[in-house]
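Please read the structure below before turning to the comments.
The values are calculated or read from the model by the stated rules, or taken from the named source; none is laboratory data. Fair warning: this is a prediction, and the values are worked out from it, not measured in the lab. Cβ placement follows ideal geometry from the backbone for every residue including glycine, while neighbour counts extend to all protein chains displayed.
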Amino acid sequence: MGPSLARVLAQDFLPLKSRCVKGLAEWILSSPCRRNIVVLTGAGASTSAGIPDFRSPGTGLYDNLQKYDLPTPQSIFSLDYFRKAPEAFYELARDLWPGLQGYKPTLTHRFISLLDKKGRLLRCFTQNIDGLERLAGLPSERLVAAHGSFDTATCIRTGRRVPAEELRQAVLVGKEGPQGWQALREKYGGLVKPDIVFFGEDLPAAFFTHRRQDFSKCQLLVVIGTSLSVYPFASLPHEAPGSCLKVLINREDVLDFSFDVSLLGDCDEHVQELVSHLGWQEEMSELGGAD
Ligand code: CNA
């Protein structure tokens, strides 16, 4: 058992020959799972790109919002608070808007894209809003952006669609001026928000459709870089059938769900080891992701 395998909970029926990264690689290569791998990702998949997660003590976004003087850290993604004080979210959006800060996909994003190229990926459900899966080459039909994206925008008062590029420009400019977000608000008759899902908002329809369609077929579920604390996303592992092998790759254990294999530690490191056991290093290098 390799040192990277911190905890393994294996059920008797598991078809893994050895319950470690190597065994997982053998299982992926030998099983007929083909297009039946589902990957769930969270902010931990993007931290090595330089984007902080929410909840990691010290480095997480929730520990670093003091400058906004919010009632609670979660307020920054609350519609009520956005209506009252949009400055905080608009300022944060400048950091989060895909492409503005030049964040690059991580090894983990590239691995998910490679799983697709190898014909193994049924779907990647992501909670992330950084667009890095797509930048790593994952086609949009393989991705469910469960918490929305910055690709589209809506006026929250009228429901009118607004070109995302207009909002992006306004976010860049700031509050004042003819191109700023205050002017955009006047133009559209209300505040304009990117279609990322705030607390209390509905998830995109694709989340529910694919949850229904994909999980009954899923034979391998890989959960990467998430504390699984935001619902309904966090309920997804429960949708996988009993015969599905459930793997966690995360810095810390996730208490609400019992995985068959838990690879604790940095996800890029585990992914690199997995890629090497799969013998896929060359293809990863071509994607710009492995040494
Ligand atoms: P979270 O609650 O902050 O959990 C992140 C998890 O990832 C934690 O368990 C960490 O221990 C773990 N982690 C952090 N870095 C690594 C690493 N390098 N390798 C392995 N594990 C790591 O975030 P969740 O994603 O669970 O919460 C869902 C929220 C976060 C969604 O609503 C997202 O929109 C939101 N979010 C997204 C981004 C992004 O798009 N990159 C960034 C911050 C927050």
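With respect to the conditions (1) modelled with pLDDT of 95 or more; (2) more than 10 Å from the ligand (Cβ to nearest atom); (3) among the charged types (D, E, K, R); (4) part of a helix (DSSP H, G or I), Asp195 lacks only one, and its number is (4). Given the structure, is Leu114 crowded, with 24+ Cβ neighbours inside 10 Å and on the phi < 0 side of the Ramachandran plot? The answer is yes for Leu114. Please verify whether Thr158 is among the hydroxyl-bearing types (Ser, Thr, Tyr), closer than 20 Å to Phe82 by Cα and part of a loop (DSSP other than H, G, I, E, B), treating the condition exactly as stated. Taking the combined requirement at face value, the residue satisfies it.
State all residues of the stretch 137-146 that are within 12 Å of the ligand (Cβ to nearest atom) and assigned to a loop (DSSP other than H, G, I, E, B); if no residue qualifies, say none. The one that is within 12 Å of the ligand (Cβ to nearest atom) and assigned to a loop (DSSP other than H, G, I, E, B): Ala146. Evaluation of Ser149 against the conditions (1) more than 21 Å from Val230 (Cα to Cα); (2) in contact with a Pro (Cβ under 8 Å, 6 or more places away or on another chain); (3) in a strand (DSSP E or B); (4) not aliphatic (A, V, I, L, M) shows that the sole unmet condition is (1).
Rundown of residues vs (1) among the aliphatic types (A, V, I, L, M); (2) within 19 Å of the chain's Cα centre (by Cα), yes/no style:
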residue	(1), (2)
Leu114	yes, yes
Lys118	no, no
Ala136	yes, yes
His147	no, yes
Pro178	no, no
Trp181	no, no
Leu228	yes, yes
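For the stretch 235-290, give me each residue that is of a type in the set (Phe, Trp, Tyr), in contact with a helix residue (DSSP H, G or I) (Cβ under 7 Å, 6 or more places away or on another chain) and over 20 Å from Arg35 (Cα atoms).
First pass over the stretch 235-290, keeping only residues of a type in the set (Phe, Trp, Tyr): 257, 259, 280.
Remaining after also requiring in contact with a helix residue (DSSP H, G or I) (Cβ under 7 Å, 6 or more places away or on another chain): 257, 280.
Across the stretch 235-290, the qualifying residue is only Phe257.
Buried (at least 17 other Cβ atoms within 10 Å of the Cβ) and either modelled with pLDDT under 95 or of a type in the set (Val, Ile, Thr) (or both), is that true of Asp95? Quick ask: steps written out before the conclusion?
Values: buried (at least 17 other Cβ atoms within 10 Å of the Cβ): no; either modelled with pLDDT under 95 or of a type in the set (Val, Ile, Thr) (or both): yes.
Spelling it out, it is not the case that Asp95 is buried (at least 17 other Cβ atoms within 10 Å of the Cβ) and either modelled with pLDDT under 95 or of a type in the set (Val, Ile, Thr) (or both).
Set side by side, the residues Pro71, Pro57 differ, and just one is under 22 Å from Lys193 (Cβ atoms), free of Cβ contacts under 8 Å to residues at least 60 places away in the same chain and either hydroxyl-bearing (Ser, Thr, Tyr) or part of a loop (DSSP other than H, G, I, E, B) (or both), which is Pro71.
Among the residues of the stretch 224-268 satisfying the criterion of being of a type in the set (D, E, K, R) and more than 8 Å from the ligand (Cβ to nearest atom), which is nearest to Ala45 (Cα to Cα)? Among residues in the stretch 224-268 that are of a type in the set (D, E, K, R) and more than 8 Å from the ligand (Cβ to nearest atom), the one nearest to Ala45 (Cα to Cα) is Asp253.
Please find, within the stretch 51-74, the residue that is nearest to Gly225 (Cα to Cα) out of those that are of a type in the set (Gly, Ala, Ser) and within 10 Å of the ligand (Cβ to nearest atom). Steps first, answer last, please.
Taking the stretch 51-74 and keeping what is of a type in the set (Gly, Ala, Ser), we get 56, 58, 60.
Checking the rest, the ones that are also within 10 Å of the ligand (Cβ to nearest atom) come to 56, 60.
Details: Ser56: 11, Gly60: 13 Å.
Residue satisfying both the conditions and the ranking: Ser56.
Screening Arg110, Arg123, Arg134, Arg161 for residues that are under 24 Å from Leu40 (Cα atoms), more than 10 Å from the ligand (Cβ to nearest atom) and without any contact (Cβ under 8 Å) to a residue 24 or more places away in the chain leaves exactly one candidate, Arg134. When every residue of the stretch 234-242 is checked against the conditions, at least one turns out to be closer than 25 Å to Ser78 by Cβ, surrounded by fewer than 16 Cβ atoms within 10 Å (Cβ to Cβ) and at pLDDT 95 or above.
For Val271, indicate whether it is crowded, with 22+ Cβ neighbours inside 10 Å, within 13 Å of the ligand (Cβ to nearest atom), of a type in the set (Val, Ile, Thr) and touching a residue at least 24 places away in the same chain (Cβ under 8 Å). Full working, then the answer.
Working: crowded, with 22+ Cβ neighbours inside 10 Å: yes; within 13 Å of the ligand (Cβ to nearest atom): yes; of a type in the set (Val, Ile, Thr): yes; touching a residue at least 24 places away in the same chain (Cβ under 8 Å): yes.
Taking the combined requirement at face value, the residue satisfies it.
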